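Visitor: Got a structure for you, questions after.
Please treat every number below as a calculation from the coordinates, not as lab data. Note that the coordinates shown come from a computational prediction; the quantities given were computed from them, not determined experimentally. Note that we place each Cβ from the backbone using ideal geometry, even for glycine, and neighbour counts take in every protein chain shown.
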Amino acid sequence: MSIILRPGEFRALLLPAGAELSVSLMQDGAGAAMLGWAAGDTFEQVSDAYTFMELRRTHPRAGDALFSTLRRPMLVLRRDDMAPGVDLLRHDAWLSRTAIVGPAAAAVKKAGLTSPGLADFPFAINLFAHTTVLPDGVLQPEPALGKLGCGIVLAAAVTVILVFGAMGDAQSDAVSLSSQWPATSPLDEL
Amino acid sequence: MRQRLIPARTAATMRLGRGERVTIIDQAGRQGADCIAVTPDGRAVTSSQETRARTLRLFPIPGEAIYGDTGEPMLTLLEDMSPGPHGLLVPPCDATMYRLRGGGCGHVSCYDNLHRALAAEGVALGRTPPTICLFQNIAVEPSGVISISVNASAPGDRITLRAEVPLVLAVSACPNDLFKRPPLQPTDLLVTVEP
């Protein structure tokens, strides 16, 4: 499977348990907002809060899991070229919630997948964004420093539905999604 | 003034009108208060994610708001008469957490208590937001490590918030007795509401 996202474009996909997904930058400074939930239960969602609780770290590292609202690993971060390239602290690091939920829901519907109700959508986890925590608890947004070719590899611990919304310079492709998982997905484009 | 005692290991709700001030008091010290505020129609719920994004802090300071998941301010922090800190990072304790950490099956939890209390008010949430964890002794080190220690609050410490919209506020006297070791045990909270 190979999907190219232009800035502002949203796509949804089903990632079977055990499959890996590579998310790579196609331009400097680009990134993606990501939402995720279990294919079998849309209320089990990839969660910043549960990940903070289980990892006891604000920034996941390669080898860490992103946890669900049922306290179990949903995605494992196999590779993170930016280290850290997963921002859990600011859900709007790339886009506001208002700018995400509608297009994300539309992408899921277009893909023929199931989603929570709009009010129950999870908050975004942001790839290739970074926020620093200062000593007095202030959150400092950092510049997007991902370079062309930078990547994050996620492995699904359970079968998940993931939605990505890309950000970057409108003049060119922003993010690529690729996976070697079996060609039985409704989104296989090989 | 209205007031309500929340016995240890339980949760209760208070309905707040816009502008009313609510004070949560740690009666015995070192007790956590997990809170969720919901509009009566269930349309908006307090959101740690939205609050962090809008305040650019791990927890608001006096004068700043706690926001709902629709992006609207729901509560404003007026006064913090505790040493702090307070938490907006982690979810409420739940039965799974206690089971995983050796507390056994069926351990009472803020998750269940809060939903039960809200349901008694006719509010059935389809989601559980990370709670406003008052008096939670949570810190983020420069390395990004999150540490949660026994609460530092003293008897009588309190925090006062103002409702910016009509709300149902659910408060749980956290039943976490895994952190607390004897002689510390979960204790009562007192909640007061003034116009």
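Visitor: From the C-alpha gyration tensor of chain A, pull out the three semi-axes of the equivalent ellipsoid (sqrt of 5λ each), sorted largest to smallest, in whole Å.
Guide: In descending order, the three semi-axes are 22, 19, 16 Å.
Visitor: Is the C-alpha gyration tensor of chain B telling us rounded, prolate or oblate? Criteria: a/c under 1.5 is rounded; beyond that, a/b larger than b/c is prolate, otherwise oblate.
Guide: rounded
Visitor: Which whole-number percentage describes the relative contact order of chain B, with Cα contacts under 8 Å and a sequence gap of 6 or more?
Guide: That works out to 45 percent.
Visitor: Please report how far the C-alpha centroid of region A:110-165 lies from that of region A:27-71, rounded to the nearest whole angstrom.
Guide: 7 Å
Visitor: Using a cut-off of 14 Å between beta-carbons, work out the net charge of the residues near B:ALA120 (Lys and Arg +1, Asp and Glu -1, B:ALA120 not included).
Guide: +1
Visitor: Step through the residues of region B:144-155 one at a time and calculate ³J(HN,Hα) from phi using the Karplus curve (6.51 cos²θ - 1.76 cosθ + 1.60, θ = phi - 60°), rounding each to whole Hz and writing x for Gly and Pro.
Guide: Residue by residue, region B:144-155 yields x, 5, 9, 10, 10, 10, 4, 3, 9, 5, 9, x Hz.
Visitor: Around A:ALA124, under 10 Å between beta carbons, what's the net of Lys plus Arg minus Asp minus Glu among the other residues?
Guide: -1
Visitor: State the Kirkwood hydrodynamic radius of region B:85-195 in Å, one decimal place, computed from all pairs of distinct Cα atoms.
Guide: After inverting the pairwise mean of 1/r, the radius is 15.7 Å.
Visitor: With a 10 Å cut-off between alpha carbons and a GNM built on chain B, which of B:GLU141, B:GLU79, B:GLU121 moves the most?
Guide: Largest GNM mean-square fluctuation: B:GLU141.
Visitor: If the viscosity is 0.890 mPa s and the temperature 25 °C, what translational diffusion coefficient in µm²/s does Stokes-Einstein give for region A:69-142 when Rh comes from Kirkwood over Cα pairs?
Guide: Estimated diffusion coefficient is 171 µm²/s.
Visitor: Less than 12 Å Cβ to Cβ from A:LEU77, Lys/Arg counted +1 and Asp/Glu -1: what total charge do the surrounding residues give?
Guide: So the environment of A:LEU77 carries a net charge of 0.
Visitor: For the protein assembly as shown, what is the convex hull volume of the alpha-carbon atoms per residue, in Å³?
Guide: With only Cα atoms used, the protein assembly as shown gives 128 Å³ per residue.
Visitor: A follow-up question, please. For region B:12-73, what is the relative contact order in percent, using Cα pairs closer than 8 Å and at least 6 residues apart in sequence?
Guide: Worked out over region B:12-73, it gives 23 percent.
Visitor: A further question on this structure: Per residue of chain A, what 222 nm ellipticity follows from adding -39500 (n - 2.57) for every DSSP H run with n ≥ 4, rounded to the nearest 500?
Guide: -3500 deg cm²/dmol
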